[in-house]
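Since the structure comes first, as structure tokens, the remarks are kept for the end.
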Amino acid sequence: MAVAAPPTLERRRCEVLGRVQGVGFRPFVYTLAQRHRLDGFVLNDARGVVIEAEGQPQALDRFLGDLSREAPSHARVESVVARAVPPTGERGFAIAPSRAGAGDRTAAIPPDLATCDDCLRELFDPADRRHRYPFLNCTRCGPRLTIVRAVPYDRANTTMAGFPMCADCRREYEDPGDRRFHAEPIACPACGPRLSMPLEDAVALLRGGAIVAVKGLGGYHLACDAASEAAVSRLRARKHREEKPFAVMAADPAAVAAVDPAEEALLRSPERPIVLVRRRAAARVARAVAPGGDWLGVMLPYTPLHHLLAADFGGPLVMTSGNRSDEPIAYDDAEARERLGAIADAFLAHDRPIHRRCEDSVVRSAFPLRRSRGHAPAALALPVPAERSIVAAGAELKNTFCVARGARAFLSPHLGDLHDATAYRAFRIDLDLYLEMLGVRPEVVACDLHPGYLSTTWAREQGTELVEVQHHHAHAAACLAEHGEEGPALALVFDGTGQGTDGTIWGGELLRCDLEGFERVAHLEPVPLPGGEAAIREPWRTAAAHLERAGRPVPYERWPLVRQGLGVNAPLSSGMGRLFDAVSALLGVRDRVTYEGQAAIELEQLAGEAPAEPYPCGLRDGVIAGADLVAAAHDDLAAGRPRAQIAAAFHEGVAAIAAEACAGAGGPGTVVLSGGSFQNLRLLGSVRRRLERLGFRVLTHRHVPPNDGGISYGQAAVAARRSAACA
Ligand code: ZN
Ligand code: ZN
Ligand code: FE
């Protein structure tokens, strides 16, 4: 009689790559292994997660199948490589200690995760031991990127290392059945971080109209009562921010803004960005929050501290970055006290250090204006893999940098304007932290052509292979690359300012390009910017230059004087932003601006959505006669046509001539739209419709900002292509 052979056991070793640390992946594997009756272990290493599992072959197959299918919501499994290894007879399944290991540190640190519903319930449950505890979190939510000092993602490698767990927290941390099993930042009132002042005191101060600096996830916010004109105006004066809108945090966004279902979904998405929405007329929000316009930047609370503040305060709060104007946000405690001391009346801080800065993300419609908290450091794909490590230094305004290796590009959080030494220092600190986290040393450095950008200065000092990428080519490449394409394509790149290859300022460009290079097919006719930078602050100067070119009278008193300076300081610019400035000034919307893009933003609002016939505009030998549009606007204004209609006809005129230029380019049949001017929804929509009617395939930004925040990613894509080409 034959004896049944004992079932053969197999053992497999699996390497799981992707975003698999800090998202509850090991507990998930543990539970899964139990379910399939497997023995072995799971651990984090510097590259991702390693699993060794031993059991019946069929059970192993099912286990591997479930591994990708049932992964936790914030995980992103990119690959699972399994191979057979000799069985060891090991019994039980364990979460083994992490291995630091050398080599490629690509283990994806997850972005910071907004408070989950389970934690939120505990936060407001008087019976829970974490009732009203401002730092509760679990494997599915809480701080990640901003507290991680090193990989692998373990408590000892985070800024929570200084908080020894109490017995209760340790029990939860070690219990595979608990939702805080291996939640690295686990904390409770007995053992975790504490606020620097009682929350009710901060709320009382806010009620009294005070400005309170609130330490959040990736930096300090400046908070005040959004309903109080006095408080908001005081904040404006102290922060030196005259009119640029402030973001508002509201537990109930519908109370302050008209939110459509798509915007609601964005607001509630796990990234919890600031979403630009239309303000409600009756909203209890001071005019001073967004003086020039109908759009409000609104976000939901995303940390337990924010939830408590919002609930206790009971109304919308201004929550603007803790900085002066557009400098990098303050995140270090001592630095915040120093930089924000003159702005804030009080500090609501805490003792959990922020290891790296991360600003809030901002989205409008379906594209990001800032890709930052909630996204960083998630990798973006590159269509051409970087054979050597690339660091792209980005632009000057809305700076980000981008570190690329292989097919992955790590776009940094929003840093701010790189205007001065302080911002430059912040750039270098943040970049060093990123390189350290990713274990990358730059082998190729990419930068803008503009010699005056501090990002360019940095790049040129590195002494490595340098790839200089023309600004508008970088914009176009960013849009191509985020769609996984290399081109060739046409690219309409409309923005304010960018250094051209001929030494003039470009920004109203039709390029034919691929990731390697580009050719300038058409562009706005350059006009002198009277006074250079002054013309950017005072759009009336550009209006005057355009009117003169168009042979129309120039109504500005100061023009004769300014005009005399034309020979001295009047750089030529083909910037689309400047054309929008000119018309904005002409219509009396804005003859002076206090923040970048203001004149164009307010012109878009004036135009609204009513249809209009486009103004005619000349195009000859690749030169677009922008002055025609200014002349038409001038003549209509003189004839008494309503200004909103003029603004609309101008928008349509720009869109129509852009489409016409593409039609005349002789291919290819794909057009990418990029540059800061395409943050304008009316312009974006109209250009897209017109191009699609002509049979073009149109690519627009979805993951990377169309503004200069996307430049570094575009630079990285070009550098990857160029260094692949010459290798
Ligand atoms: Zn949670
Ligand atoms: Zn505890
Ligand atoms: Fe730009």
Which residues, taken from the stretch 377-410, are in a loop (DSSP other than H, G, I, E, B), under 26 Å from T159 (Cα atoms) and in contact with a Leu (Cβ under 7 Å, 6 or more places away or on another chain)?
-> P377, T400, F401
If you go through G500, G452, G394, G484, the only one that is surrounded by fewer than 24 Cβ atoms within 10 Å (Cβ to Cβ) and in the same structural domain as R721 (by TED's automatic domain parsing) is G452
Residue count for the stretch 132-173, restricted to those that are of a type in the set (S, T, N, Q) and either within 12 Å of ligand 2 (Cβ to nearest atom) or closer than 15 Å to P189 by Cα (or both) = 1
Of the residues in the stretch 174-202, those that are within 11 Å of ligand 2 (Cβ to nearest atom) and basic (K, R) number 1
For the subset of the stretch 627-655 comprising residues that are within 20 Å of G685 (Cβ to Cβ) and among the small types (G, A, S), which member is surrounded by the fewest Cβ atoms within 10 Å (Cβ to Cβ)?
-> A644
Filtering the stretch 112-150 down to residues that are without any contact (Cβ under 8 Å) to a residue 40 or more places away in the chain and part of a loop (DSSP other than H, G, I, E, B), which residue is nearest to ligand 3 (Cβ to nearest atom)?
-> C116
Single residue of the stretch 327-344 satisfying the filter (surrounded by fewer than 17 Cβ atoms within 10 Å (Cβ to Cβ) and of a type outside the set (K, R)) that is nearest to T422 (Cα to Cα) | E335
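Quick one: in the stretch 161-178, which of the residues that are assigned to a helix (DSSP H, G or I) and under 24 Å from P353 (Cβ atoms) is nearest to ligand 1 (Cβ to nearest atom)?
Residue satisfying both the conditions and the ranking: E172.
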Looking at (1) in contact with a Cys (Cβ under 7 Å, 6 or more places away or on another chain); (2) on the phi > 0 side of the Ramachandran plot, which is the one condition that is false for I51?
-> (2)
With respect to G622, determine if the residue is over 22 Å from K244 (Cβ atoms), outside the structural domain of G293 (by TED's automatic domain parsing), surrounded by fewer than 18 Cβ atoms within 10 Å (Cβ to Cβ) and in contact with a His (Cβ under 9 Å, 6 or more places away or on another chain).
-> yes
Pairing a residue in the stretch 422-438 that is outside the structural domain of C358 (by TED's automatic domain parsing) and surrounded by fewer than 17 Cβ atoms within 10 Å (Cβ to Cβ) with any residue that is at pLDDT 95 or above and of a type in the set (F, W, Y), where Cβ atoms lie under 9 Å and the two sit 6 or more apart in sequence or on different chains, gives R428/W458
Has the stretch 135-142 got any residue that is within 15 Å of ligand 1 (Cβ to nearest atom), more than 28 Å from I51 (Cβ to Cβ), loosely packed, with under 15 Cβ neighbours inside 10 Å and of a type outside the set (S, T, Y)?
-> no
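Looking at the structure I just gave you, is R76 of a type outside the set (S, T, N, Q) and buried (at least 19 other Cβ atoms within 10 Å of the Cβ)?
Numbers: of a type outside the set (S, T, N, Q): yes; buried (at least 19 other Cβ atoms within 10 Å of the Cβ): no.
When the stated conditions are applied, R76 does not pass them.
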How many residues are more than 14 Å from A330 (Cα to Cα) and outside any strand (DSSP E or B) if we restrict to the stretch 348-376?
-> 11
Within the stretch 274-332, how many residues turn out to be touching a residue at least 40 places away in the same chain (Cβ under 8 Å) and more than 18 Å from V232 (Cα to Cα)?
-> 19
In the stretch 501-559, anything touching a Lys or Arg at 6+ places or on another chain (Cβ under 7 Å) and over 18 Å from G577 (Cβ atoms) is listed as L515, E516, F518, E519, V521
When both residues are 6+ apart or on different chains and their Cβ atoms are under 7 Å apart, which pairs have a first residue that lies in the stretch 440-458 and is over 15 Å from L397 (Cβ atoms), and a second that is assigned to a loop (DSSP other than H, G, I, E, B) and among the small types (G, A, S)?
-> V445/A393; A446/A393; W458/A393
E70 being of a type in the set (D, E) and farther than 22 Å from C138 by Cβ = no
Residues satisfying the stated conditions in the stretch 673-717, i.e. within 12 Å of ligand 3 (Cβ to nearest atom) and of a type in the set (S, T, Y) | S674, S677, S712
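The values are calculated or read from the model by the stated rules, or taken from the named source; none is laboratory data. Computed from a prediction, not measured in an experiment: that's the story for all the values here. Cβ coordinates were reconstructed from backbone atoms using ideal geometry, including for glycine residues, and neighbour counts include every protein chain displayed.
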